[in-house]
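Each reported figure results from applying straightforward, stated rules to the coordinates on display, with no laboratory input. Here the structure is a predicted model, which means the values were calculated and not measured. Cβ: placed from backbone, ideal geometry, glycine included. Neighbour counts: every protein chain shown.
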Amino acid sequence: MRSDDEMPGKKIRRNRHGPDRIYWVARADLVAQGYEPRTVRLHYDPTDRVLIAAACQRLQAEMLAWAAGRRTTDRPFDGTLASLIRLYQHDQASPYRDLKWNTRRTYDQVLGVIEKAFGKRSLAAVGIADFRRWYDEAKKPKQPGSPERVRKAHGIIAMLRRLFAYGVTAEHPHCARLAAILDEARFKQPGRRRLKLELPHVEAFIPKAIEAGRLSLAIGTAMQFETTLRQRDVIGEWEPIPEGEAPTGIVLGGRRWVRGLTWADITADQTVSKETTKTGAVVGHDLRLCPLVLDLLDQVPAERRVGPLIIDETAGRPYAEHAYAREWRVIARTAGIPDAVWNMDARSGGISEADDAGADLDLIRSAAGHTQASTTARYVRGTIGKSRKVAELRLAHRTSKNGS
């Protein structure tokens, strides 16, 4: 039998409505000096004194080591999910360090949801039942009668997989067990997007944009549809300026505009070459075969053909983050484009049109800058180009057999 002396820092909080809760609590004098975590809930059976003692001794040793001088702003792993999240974001050996800034921002949003909801849970007490419950809670509709939020729920599970994979490489306890559980578990994934921006949409949008004084939106939409370039490869993006680096170039709110199309990217013979942001692949397009684009470029006076191709007419600079999509929606509604169809669906629309025309999938892949044909195939939405070709070949085969 283990004595309470072997469980330093252990506290029990009585619960009238369920089992008592067991905590490890840091010394008040060290908490006053800045030590964290202040408390750690121990999700163990109250009768499992061996596990409780081991956890208390480990947490107590970490606290005393901090008090003895090994103080650091990077708090030690305390066995909780919140602690693992913190290390994933700050460990120099974490794959998080290699992520692009906007991917980090997206990850941080999901990690914040996880930490707020489950951060105090001890990894030792987490299992498949918890994952199922967390997934089911996350996918519940925001309001009664609304669709289930499967994409949000699946994103949380995907992030947990990343966390535990990191934990395995960092040799943190229980991460290998939890990673193995999630490797075998299956959760419903969100359905693939099926909508696309089609040629009639683009043809309806362009005159409405020009009428509203938004030639920039007309050019951007036509360029996205005709060349199948991603939105950010056309309009660019605002990247944080690294600390200590001079704010040169086009700067807005501490961010620098980068990677969008410029007039310098368009050659004298009306071709455009671009290194894509996502894969780094270099794609080229002959704009002489993109009449929607050429007609719009001709409307830009020669003296304005310098710098970024897409300029917010009201601000005189590239569109601020989210402003392009917001202003695009205003014009789209006047053009009768359903709200369910997004500006970014122009890429799938162009790829789908190419497939419907019978273009070889590998040629489409190269034009779109994809590294794998399977990725290109996911952008093909509701077309019959390939099935028509198959049917034509089958009919020709029958005719040949009957003739012989």
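Springs between alpha-carbon pairs under 10 angstrom, Gaussian network model over the chain: which of ALA82, ALA32, ALA218 fluctuates most?
ALA32
Using packing as a proxy for protection, rank 254-264, 389-399 so that the peptide with the highest average count of other Cβ atoms within 10 Å comes first. Working shown, then result.
On the way: 254-264: 16.2, 389-399: 10.4.
Taking the mean over residues of other Cβ atoms within 10 Å, the ranking is 254-264, 389-399.
If one takes the longest principal axis of the Cα atoms in the chain, at what angle in degrees, from 0 to 90 and to the nearest 10, does the Cα axis of helix 128-138 lie?
Long axis of 128-138 versus the principal axis of the chain: about 50 degrees.
Which order do PHE187, PHE164 fall in if you start with the one that has the fewest other Cβ atoms within 10 Å?
PHE187, PHE164
Which one, VAL390, ALA377, ALA138, is farthest towards the positive end of the dipole of the chain when Lys and Arg carry +1 and Asp and Glu -1 on their Cβ?
Positive-most Cα among the choices belongs to ALA138.
Give LYS140/LYS278; LYS10/LYS120; LYS139/LYS196; LYS100/LYS152 a once-over and call out the pairs whose C-alpha atoms are over 27 Å from each other. Numbers along the way, then the final one.
Values: LYS140/LYS278 32 Å; LYS10/LYS120 16 Å; LYS139/LYS196 25 Å; LYS100/LYS152 21 Å.
Over 27 Å Cα-Cα: LYS140/LYS278.
So how strong a dipole does the stretch 81-184 carry about its Cα centre when Lys and Arg Cβ are +1 and Asp and Glu Cβ are -1, to the nearest 20 debye? Could you put the intermediate results ahead of the total?
Working: 19 positive and 11 negative charges, 91 e Å.
My answer is approximately 440 debye.
Any idea what the dipole of the stretch 311-404 comes to, in debye rounded to 20, about its Cα centre with Lys/Arg Cβ at +1 and Asp/Glu Cβ at -1?
Working: 14 positive and 12 negative charges, 120 e Å.
So the magnitude is around 580 debye.
Suppose every Lys and Arg Cβ carries +1 and every Asp and Glu Cβ carries -1, with no other charges. What dipole size does the chain come out with about its Cα centre, to the nearest 20 debye?
Details: 66 positive and 50 negative charges, 360 e Å.
Here the chain has a charge dipole of around 1720 debye.
Compute a Gaussian network model of the chain, connecting alpha carbons closer than 10 Å, and tell me which residue from ALA302, ALA377, ALA368 fluctuates the most.
The residue that fluctuates most here is ALA302.
Express in nm, to one decimal, how much length is gained between THR169 and ALA323 on full extension, taking 0.36 nm for each residue of separation and deducting their alpha carbon distance.
Numbers: separation 154, 0.36 × 154 = 55.44 nm, distance 4.05 nm.
Using 0.36 nm per residue and subtracting the Cα-Cα distance, I get 51.4 nm.
Picking from LEU215, VAL306, ALA82, whose Cα lies most toward the positive end of the charge dipole for the chain (charges on Cβ: Lys, Arg +1; Asp, Glu -1)?
ALA82
Angle between the Cα long axis of helix 175-184 and the longest principal axis of the chain, 0 to 90 degrees, nearest 10?
The angle comes out near 50 degrees.
By how many degrees, 0 to 90 and rounded to 10, does the Cα axis of helix 81-90 deviate from the longest principal axis of the chain?
The helix 81-90 is inclined about 60 degrees to the chain.
Take the chain, connect every pair of alpha-carbon atoms lying under 10 Å apart with a spring to form a Gaussian network, then pick out the residue of THR376, THR47, THR221 with the largest mean-square fluctuation.
Result for the chain, Cα springs under 10 Å: THR47 fluctuates most.
Among GLY112, VAL126, ALA153, whose Cα lies farthest out toward the positive end of the dipole of the stretch 90-164, if unit charges sit on the beta carbon of Lys, Arg (+1) and Asp, Glu (-1)?
Towards the positive end, the residue furthest out is ALA153.
Below 8 Å between Cα atoms, with a sequence gap of 6+, how large is the relative contact order for the chain in percent?
Values: 513 pairs, mean separation 46.1, N = 404.
Result for the chain is 11 percent.
For the chain, what is the calculated [θ] at 222 nm in deg cm²/dmol (nearest 500), taking -39500 (n - 2.57) for each run of four or more DSSP H residues and dividing by its residue count? Could the numbers behind the result be given before it?
Details: 16 runs with 189 residues, N = 404.
Helix-only estimate at 222 nm: -14500 deg cm²/dmol.
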